[in-house]
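Okay, structure first, notes after.
The values are calculated or read from the model by the stated rules, or taken from the named source; none is laboratory data. None of the values given here were measured: they were computed from a predicted structure. Neighbour counts are summed over all protein chains in view; Cβ atoms, including those assigned to glycine, are modelled from backbone coordinates with ideal geometry. All accessible areas refer to the heavy atoms of the entire protein, side chains included, with ligands and DNA or RNA removed. Shrake-Rupley method; radii C 1.70, N 1.55, O 1.52, S 1.80 Å.
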Amino acid sequence: MLITERDQLRSEISQFVKKHGGDRSALIPALQYIQQKYTYISEFAMQAVADELDIHPVEVYGVVSFYSFLDCRPKGRFVIRLCRTISCEMQGKDRVARQLENDLGIKFGQTTPDGAFTLEYANCLGMCDQGPAMLVNDQIFSKVTPEKVHDILQGCRQVFGAHAMQRKEEHII
Amino acid sequence: MKTPSDRNSMTFASITPNEGLKIAVEKGRMGVLGELSESGLKGRGGAGFPTSVKWNLAAAAHDTKKYVVCNADEGEPGTFKDRFILAEFADLMFEGMTIGGFTIGAAEGIVYLRGEYTYLRGHLETVLEQRRKAKLLGKNILGKKGFNFDIRIQMGAGAYVCGEETALIESLEGQRGEPRNRPPFPVDTGFMGHPTIVNNVETFAWVASIIVKGGKWFKHIGTEKSTGLKLFSISGDVERPGVYEFPMGITVDQLLREVGGEGAKAVQIGGASGHCVHQKDFSRKIAYEDIPTGGSVIVFGRQRDMLAVAKNFLEFFVEESCGQCTPCRIGNEKLLEGVELLEKGCCSMKYLRELCSLGETMQIASKCGLGQSSPNAFLSIVKHFQDEIMGRTAIE
Ligand SMILES: Cc1cc2nc3c(=O)[nH]c(=O)nc-3n(C[C@H](O)[C@H](O)[C@H](O)COP(=O)(O)O)c2cc1C
Ligand code: SF4
């Protein structure tokens, strides 16, 4: 990471924490903010949060490692979480899982080499009456079938493509 | 016959918005507590603690700061009625929280919303903003001097155990979601050490409804020990899955008829931490004194393999145990290994009995409700479906 990027991250964290009261109860919201923006919480970010809250970085790591929606390693732009709880399982989640693996060319727990997708399982998503269900980032998809998997991924790819293009242009400027 | 997830047929849809809050302010704290006590309302999150008792304790506590926390962490497998309330009746739930703030003397409310429901946050923030504009949140609410209350939303981050109230408070304070020893209870030492009431989404919505319709109305529905109405989340092998409102005390049979689940061989009531009810017990009642539940009902048809059900639940607990105490952390792994032996058809009766005894130990020796209830499904499946799970031929 470049020095300027680090400085920027530090000041972002500092602003965020101040806005949220500046005490320890701001920790998880701050981590969620970083996670959402950078797809993971780097060691540097953990240290910066710890400094800001005046706690030991191990405390921060302890929290990051506890919650399944916080990660210390980079994730894809789109994190797909397929519900594996019994109601979705009875409605055919295994076939959806296989199709996701086939179409993405990765297994559960992996990220595609282009950094677009991470594939994971989740516990009950609260969509048991409309399974199989999955989350793509914050968006929920219900009654997913193997045929629908392709369209959902294609929708993401279009957004991702636009995003990548935008970045390239920023660099050119 | 009822239709699933039909908002307009539900009691919540018939409640005039903010009528409850107005009545609460007129009646005063004691009036609200009296009405709740009369109603017999028990917590809709599963544990079934009387709401009036909880609120009385918090109201009586002396402190400059108190908190109202809404538990929207709905993570129990098979439960989705809170998601439905958040989407359809958020205003009523916020009204219930505001009545809570008025009653116990708190100025701050927090909704702990599970990370999986992030897509509902925008809607909830909009409703909160509307309430602020209508002076139903903020300073001197409804013109009552000194009645100040506002609500913020904090997101969970994907941990089932954070639905346990003390783990939830730890999480709000920026800690790992590890349950605390109880006592002290949150009503005494809660968020930041201040008296705090933690209630389920549905509980708050019923509070607002009860203040409008009266404690007597609620008390006369249901059974003596389990009063009133309740929302149920119905999934699995039924014709019409969805959210339903039924009176407490409904029998499993009646419920199955309403949702098109006749012919089921078993029903899991109360989610992964609940009990698996065998067909021969379908005349039993869903009520705190018989089969308790937070509203999760998963129906299993004839073709279902009950061992696969037990395995799915145990995998869930192995993953979601916070790991603080040994009976739960190791116990669930041992039970899961046992299920894998059963799957392969190589578990002796002696070992199965040992596993059951381990399960009973976990029920007593675990620190929080997660570990205490995690063996329930396994134990009830072993008890009722022994002929189905023993002596299997291994699947290659
Ligand atoms: C492991 C575990 C998970 C829980 N999850 C929830 C939950 O998601 N929602 C909820 O309202 N209560 C949950 N509870 C129960 C809460 O600890 C608490 O009893 C409840 O929020 C109190 O509200 P009530 O009295 O209105 O039901 C859970 C309990 C345990 C032990
Ligand atoms: S019972 Fe399980 S979840 Fe509860 S404190 Fe012990 S290890 Fe943690």
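As I understand it, the value is the acute angle between the Cα axis of helix A:146-172 and the longest principal axis of the Cα atoms of chain A; what does it come to in degrees, rounded to 10?
Roughly 30 degrees, rounded to the nearest 10.
Counting only other chains, and only Cβ atoms inside 10 Å, what mean value do you get across the residues of A:65-71?
6
Find out how many positive minus negative residues lie around A:Q110, taking Lys and Arg as positive, Asp and Glu as negative, among other residues whose Cβ is under 15 Å from that of A:Q110.
Local charge sum for A:Q110: +1.
Nothing charged except the Cβ atoms of Lys and Arg (+1) and of Asp and Glu (-1): what's the magnitude of the dipole of chain B about its Cα centre? Round to the nearest 20 debye.
1140
Given charges of +1 on the Cβ of Lys and Arg and -1 on the Cβ of Asp and Glu, with all other atoms neutral, how large is the dipole of segment A:5-66 about its Cα centre, in debye to the nearest 20?
200
Using 7 Å Cα-to-Cβ label points, what is the A:E101/A:D7 separation (nm, one decimal)?
4.8
Could you sort out which of B:K81/B:K265; B:K27/B:K54; B:K81/B:K145; A:K107/A:K148; B:K22/B:K66; B:K344/B:K367 sit more than 30 Å apart by Cα distance in this structure?
Checking Cα-Cα distances, B:K81/B:K145; B:K344/B:K367 exceed 30 Å.
Taking a spot 7 Å from the Cα of A:S142 along the direction of its beta carbon, which residues of segment B:68-84 have an amide N less than 20 Å from it?
What the label zone holds, given the 20 Å backbone N cut-off, is B:72-84.
Over segment A:1-104, what is the mean sequence separation of C-alpha contacts under 8 Å (at least six apart), divided by residue count, expressed as relative contact order in percent?
22
Based on alpha-carbon centroids, what's the gap between segment B:281-325 and segment B:11-57 in Å, whole number please?
Each part reduced to its Cα centre gives a spacing of 30 Å.
Karplus couplings for segment A:80-85 from phi (6.51 cos²θ - 1.76 cosθ + 1.60, θ = phi - 60°), rounded to Hz, Gly and Pro as x?
9, 10, 8, 6, 10, 6
Could you work out which residue, out of B:A208, B:A59, B:A308, moves most in a Gaussian network model of chain B, that is, has the largest mean-square fluctuation with Cα springs under 10 Å?
Between B:A208, B:A59, B:A308, it is B:A308 that shows the largest mean-square fluctuation.
Can you tell which of B:G28, B:G271, B:G115 shows the greatest fluctuation in a Gaussian network model of chain B with Cα springs below 10 Å?
Maximum fluctuation in the GNM of chain B, among the listed residues, is at B:G28.
Provide the FRET efficiency to the nearest 0.05 for the B:Y351-B:K65 pair, computing r from the beta carbons and using R0 = 51 Å.
It comes to 0.45.
Please list the non-local residues whose amide H lies under 5 Å from the amide H of A:F117, H modeled 1.01 Å from N, same-chain partners needing a gap of 5 or more.
HN-HN under 5 Å from A:F117: A:R77, A:F78, A:T112.
Straight-line reach from B:K285: which lysines have Cα under 16 Å away, leaving out those fewer than 8 places along the same chain?
Here the lysines satisfying the reach criterion relative to B:K285 are B:K225, B:K230.
Quick check on chain B: helices-only [θ] at 222 nm, where DSSP H runs of length 4 and up contribute -39,500 (n - 2.57) each and the sum goes over total residues. Nearest 500, please.
-13000 deg cm²/dmol
Ignoring ligands, DNA and RNA, how do A:F66, B:F218 rank by accessible area with a 1.4 Å probe, largest first?
Order by accessible area, largest first: A:F66, B:F218.
Using helices alone, what [θ] at 222 nm do you get for chain A, with -39,500 (n - 2.57) per DSSP H run of 4 or more residues, divided over all residues and rounded to the nearest 500?
Calculated from helices alone, the mean residue ellipticity at 222 nm is -17500 deg cm²/dmol.
Chains A and B: how much accessible area gets covered up at their contact, both sides added, probe 1.4 Å, in Å² to the nearest hundred?
Answer for the A-B pair: about 3000 Å² buried.
May I ask for the angle, rounded to the nearest 10°, between helix A:57-66 and the longest principal axis of chain A, with both axes built from Cα atoms and the value confined to 0 to 90°?
10
With +1 assigned to the C-beta of every Lys and Arg and -1 to the C-beta of every Asp and Glu, and no other charges, what is the dipole magnitude of segment B:292-332 about the Cα centre in debye, to the nearest 20?
160
Modelling each spin label as a point 7 Å along the Cα-to-Cβ direction, I'd like the B:E340/B:W217 distance in nm, to one decimal.
5.5
With the crude spin-label approximation of a point 7 Å out along Cα→Cβ, what separation in nm comes out for A:S42 versus B:R257?
Simple spin-label model gives 6.5 nm for this pair.
Using only the Cα atoms of the protein assembly as shown, construct the convex hull and provide its projected area averaged over every direction, in square nanometres to one decimal.
Averaged projected area of the protein assembly as shown's Cα convex hull equals 27.1 nm².
Distance between the C-alpha centers of segment B:116-177 and segment A:16-41? Whole Å please.
First find each Cα centre; the distance between them is then 17 Å.
Sort segment B:241-396 into rounded, prolate or oblate with this rule: let a ≥ b ≥ c be the square roots of the eigenvalues of the Cα gyration tensor; rounded if a/c is under 1.5, and if a/c is not under 1.5, prolate when a/b is larger than b/c, oblate otherwise.
Because a/c hits 1.5 or more and a/b fails to exceed b/c, segment B:241-396 counts as oblate.
Per residue, what accessible area does chain B have, given a 1.4 Å probe and all protein chains present, in Å²?
Dividing the accessible area of chain B by its residue count gives 38 Å².
Sort segment B:78-207 into rounded, prolate or oblate with this rule: let a ≥ b ≥ c be the square roots of the eigenvalues of the Cα gyration tensor; rounded if a/c is under 1.5, and if a/c is not under 1.5, prolate when a/b is larger than b/c, oblate otherwise.
Because a/c hits 1.5 or more and a/b fails to exceed b/c, segment B:78-207 counts as oblate.
What is the percent carbon and sulfur in the accessible area of the protein assembly as shown, measuring with a 1.4 Å probe over the protein chains and ignoring ligands?
Whole-percent figure for carbon plus sulfur exposure: 50.
Pull up all non-local amide H partners of B:I153: gap of 5 or more, or a different chain, and H-to-H distance under 5 Å with H placed in the peptide plane.
Amide H neighbours of B:I153, under 5 Å, 5+ apart: B:V111.
Just read off the accessible area of B:H278 with the full protein assembly in place, 1.4 Å probe, to the nearest 10 Å².
40
Please list, ordered by chain and number, the residues whose modelled amide H lies under 5 Å from the amide H of B:N200; skip anything fewer than 5 residues away on the same chain.
B:R44, B:G45, B:N71
Using only Cα atoms, locate the centre of segment B:342-380 and the centre of segment B:235-276, then give the distance between them in Å, rounded to an integer.
25
Return the sequence-ordered ³J(HN,Hα) values of segment B:303-316 in whole Hz as given by the Karplus equation 6.51 cos²θ - 1.76 cosθ + 1.60 applied to θ = phi - 60°, using x for Gly and Pro.
6, 7, 8, 5, 5, 5, 5, 4, 5, 4, 5, 5, 4, 4
Which angle from 0 to 90°, rounded to the nearest 10, does the C-alpha axis of helix A:3-19 make with the longest principal axis of chain A?
Between the helix axis and the principal axis of chain A, the angle is about 90 degrees.
Apply the Karplus curve 6.51 cos²θ - 1.76 cosθ + 1.60, θ = phi - 60°, to the phi angles in segment A:22-31 and return the couplings in whole Hz, x for Gly and Pro.
Going residue by residue, I get x, 10, 4, 5, 7, 4, 5, x, 5, 5 Hz, with x marking Gly and Pro.
Of B:G174, B:G294, B:G260, which is the most mobile in a GNM of chain B whose springs link Cα atoms less than 10 angstrom apart?
Answer for the Gaussian network model of chain B: B:G174.
Considering the options B:V53, B:G75, B:A308, tell which one lies farthest towards the positive end of the dipole of chain B, charges being +1 on Lys and Arg and -1 on Asp and Glu at the Cβ, about the Cα centre.
B:V53
Any chance you could look up the accessible area of A:C88 with a 1.4 Å probe, heavy atoms only, rounded to 10 Å²?
0
Please state the shape class of chain A: rounded when a/c is under 1.5, otherwise prolate if a/b exceeds b/c and oblate if not, all from the C-alpha gyration tensor.
It comes out oblate by the Cα gyration axes.
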